[in-house]
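Working notes, structure below.
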Amino acid sequence: MATPLKLALIALALMLSAVGGHYLMTQAPNSPWAVVLLLGPMAVLTILWMWRSGRRWVAAVVVATLAGLAWGLQRGALQPETLYVAQHAGIHLALAAWFASTLRTTPLIVQV
């Protein structure tokens, strides 16, 4: 069980990530740090989940994708708006994977 302090620190980290991501996308959209702040929290959770579940190749693909996005953004080969699409698609893919993972036991929809 998570302690209230731990939950507060997680919430603070997520808020700082959102504020930092907004700042970078409006002031320095071609910075590779924009990739880190926009996609980082979601990527870290996905990497940890995949690593612990034994799907380490998926974790490696996520790391490689983030590195490619940062490189492409810095070189100008990638438009900053692509990060918003990647963030949006990533969230939906993570939710779909989470839902699908519950279908082996009691489905999430039944739990809700």
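The values are calculated or read from the model by the stated rules, or taken from the named source; none is laboratory data. These figures come from a predicted structure and were not determined experimentally. Methodologically, a virtual Cβ is constructed for each residue, glycine included, from the backbone with ideal geometry; neighbour enumeration extends over all protein chains shown. Each accessible area value is taken on the protein alone, full model and side chains, heavy atoms only, with ligands, DNA and RNA left out. Shrake-Rupley method; radii C 1.70, N 1.55, O 1.52, S 1.80 Å.
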Given (1) surrounded by 12 or more Cβ atoms within 10 Å (Cβ to Cβ); (2) modelled with pLDDT under 80; (3) of a type in the set (D, E, K, R), E81 misses just (1)
Among residues of the stretch 62-76 being small (G, A, S) and in a helix (DSSP H, G or I), the residue surrounded by the fewest Cβ atoms within 10 Å (Cβ to Cβ) is A64
Screening V44, V58 for residues that are open to solvent by 60 Å² or more (accessible area, probe 1.4 Å) and either under 27 Å from S101 (Cβ atoms) or modelled with pLDDT of 85 or more (or both) leaves only V44
Taking first residues from the stretch 92-112 that are within 18 Å of M42 (Cα to Cα) and second residues anywhere that are among the β-branched types (V, I, T), the pairs with Cβ under 8 Å that are 6 or more apart or on different chains are A94/T46; F99/I109
Cβ pairs under 8 Å, 6+ apart or interchain, first in the stretch 18-45 and within 15 Å of L78 (Cα to Cα) and of a type in the set (D, E), second assigned to a helix (DSSP H, G or I) and at pLDDT 80 or above, ordered by first then second residue, are none
Screening L73, L108, L48, L78 for residues that are closer than 21 Å to L14 by Cβ and hydrophobic (A, V, I, L, M, F, W, C) leaves only L48
Residue pairs within 6 Å by beta carbon, gap of at least six or interchain, first lying in the stretch 72-91 and under 25 Å from V58 (Cβ atoms), second not in a helix (DSSP H, G or I), listed first then second, are G72/L78; L73/N30
Matching residues in the stretch 1-13 (part of a helix (DSSP H, G or I) and modelled with pLDDT under 80) number 0
Checking L39, L24, L103 in turn, the sole residue that is outside any loop (DSSP other than H, G, I, E, B), at pLDDT 80 or above and surrounded by 17 or more Cβ atoms within 10 Å (Cβ to Cβ) turns out to be L24
